[in-house]
1. Considering only region 203-216, how many residues are closer than 20 Å to Tyr25 by Cβ and open to solvent by less than 10 Å² (accessible area, probe 1.4 Å)?
2. Limited to region 70-95, what total is found for residues that are without any contact (Cβ under 8 Å) to a residue 40 or more places away in the chain, under 19 Å from Ala28 (Cβ atoms) and open to solvent by less than 50 Å² (accessible area, probe 1.4 Å)?
3. Which one of the conditions (1) in contact with a helix residue (DSSP H, G or I) (Cβ under 8 Å, 6 or more places away or on another chain); (2) within 23 Å of Met277 (Cα to Cα); (3) aliphatic (A, V, I, L, M); (4) open to solvent by 20 Å² or more (accessible area, probe 1.4 Å) does Val58 fail to meet, given that it meets all the rest?
4. From the list Pro104, Pro100, which one is at pLDDT 95 or above and either in a helix (DSSP H, G or I) or under 15 Å from Cys79 (Cβ atoms) (or both)?
5. Looking at (1) out of contact with any strand residue (DSSP E or B) (no Cβ under 7 Å at 6 or more places or on another chain); (2) in a strand (DSSP E or B), which one does Asn190 not meet, given that it meets all the others?
6. What is the residue count in region 249-308 for residues that are open to solvent by 80 Å² or more (accessible area, probe 1.4 Å), under 20 Å from Cys230 (Cβ atoms) and not in a helix (DSSP H, G or I)?
7. Starting from region 168-184, take each residue that is exposed (fewer than 13 other Cβ atoms within 10 Å of the Cβ) and of a type in the set (Val, Ile, Thr) and list its partners that are part of a helix (DSSP H, G or I) and modelled with pLDDT of 90 or more, counting only C-beta distances under 8 angstrom and pairs at least six apart or across chains.
8. Just to be sure before I move on: is Leu200 surrounded by 17 or more Cβ atoms within 10 Å (Cβ to Cβ) and either part of a loop (DSSP other than H, G, I, E, B) or in contact (Cβ under 8 Å) with a residue 60 or more places away in the chain (or both) in the structure I sent?
Amino acid sequence: MTSGDRLTHSSRRYAIIGTGALGGYYGARLQEAGFDVHFLLRSDFEHVRARGLQVESVAGDINLPQVNAYNDARKMPPCDVAIVALKTTQNHLLSQLLPPVVRPGTVVLTLQNGLGVEADVAETLGDRVDGDRVRIVGGLCFICSNKVGPGHIRHSDYGRILLAAYDTAYAPQGITPAIEHLAADFDVANIPYQLGRNLLMARWQKLVWNVPYNSLSVVLDALTNEMMTCDATRSLCETLMREVVVAAAAYDVRIPDDFVQQMLDHTAEMKPYKTSMKLDFDAGRPLEVEAILGNSIRAAKEASVNVPQMEMLYSQLQFLDRRNRERSQF
């Protein structure tokens, strides 16, 4: 057992790498519950350092007038848990941002969309993963949360995180001690969670939702409710979902037959929502096209699975993303 295993929640230290809609929300919940939380920011740094974080939430508002705010990871202390909440378009920065906060016994929790994101973290940390007991846990967020201003987050629905352990082969790992420790902390912080035994299954299941709704929200300039109230777009969402299911099956990931209908029904029932990809597009930021669509299409091709609707959507998003970046000069 490492010293980190013996920590009580009041002394456990968290690093939030990326204080946006996810990192800011969950980090604020952890600090409010008494954890020692350190937030890495970029554009919001001066505002948050001076005024703290504000969270409007259906689960209860949080106002933190003072937080540990940083704009340089090298100034952050080593932590027991590092939460990676960056957009995957910034994963090329992980080699600069993660090493300063990781020490023997650290758990790295990825709160990112798409396929292969844990592999990016493992590549960044190299032989420190497992070798000195750094553990990687995948976190899949089911939440409607947006950053609406500097240091200001609005959480409107859901909030659950599915936790599943990672190894380099994405083999099912079961419920590991690292996951149990995170779950205990989340209980204290009032963060709902689910424990998963198979990270690859969880990643493909999340893609069943992310591929159609994130992508089409940009291509169609639409909210989720607008897509679901039109028979044509609802049918297109279902077609895309079923392509994801077929691609997953090629990797022995058997998504239940009724899962697609559940996702359609849940989306139809949830509050009108502007997806994270649409928010990025409207702000002129790079889109997570590769993590969500590109990686899953490449995986499908490697398994000789045809996904024509996904490929067409991928081409459209590549064009829109490039033009958007050129116009915004991001």
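1. Going residue by residue through region 203-216, those that are closer than 20 Å to Tyr25 by Cβ are 206, 209-210, 213-214.
From what is left, the residues that are open to solvent by less than 10 Å² (accessible area, probe 1.4 Å) are 210, 213-214.
Going through region 203-216 one residue at a time, the tally reaches 3.
2. Adding up the residues that qualify gives 1.
3. Val58 satisfies all of (1) in contact with a helix residue (DSSP H, G or I) (Cβ under 8 Å, 6 or more places away or on another chain); (2) within 23 Å of Met277 (Cα to Cα); (3) aliphatic (A, V, I, L, M); (4) open to solvent by 20 Å² or more (accessible area, probe 1.4 Å) except (1).
4. None of the others qualify; the one that does is Pro100.
5. (2) is the only condition that Asn190 fails.
6. Selection size over region 249-308: 2.
7. Pairs that qualify, where the first residue is exposed (fewer than 13 other Cβ atoms within 10 Å of the Cβ) and of a type in the set (Val, Ile, Thr) and the partner is part of a helix (DSSP H, G or I) and modelled with pLDDT of 90 or more, are Thr168/Ala119; Thr168/Ala122.
8. no
The values are calculated or read from the model by the stated rules, or taken from the named source; none is laboratory data. What you are looking at is a predicted structure, and each value in this text was computed from that prediction instead of being measured. Here Cβ is always computed from backbone atoms with ideal geometry, including for glycine, and neighbour counts include all displayed protein chains. Note: areas computed on protein heavy atoms with side chains; ligands, DNA, RNA excluded. Shrake-Rupley method; radii C 1.70, N 1.55, O 1.52, S 1.80 Å.
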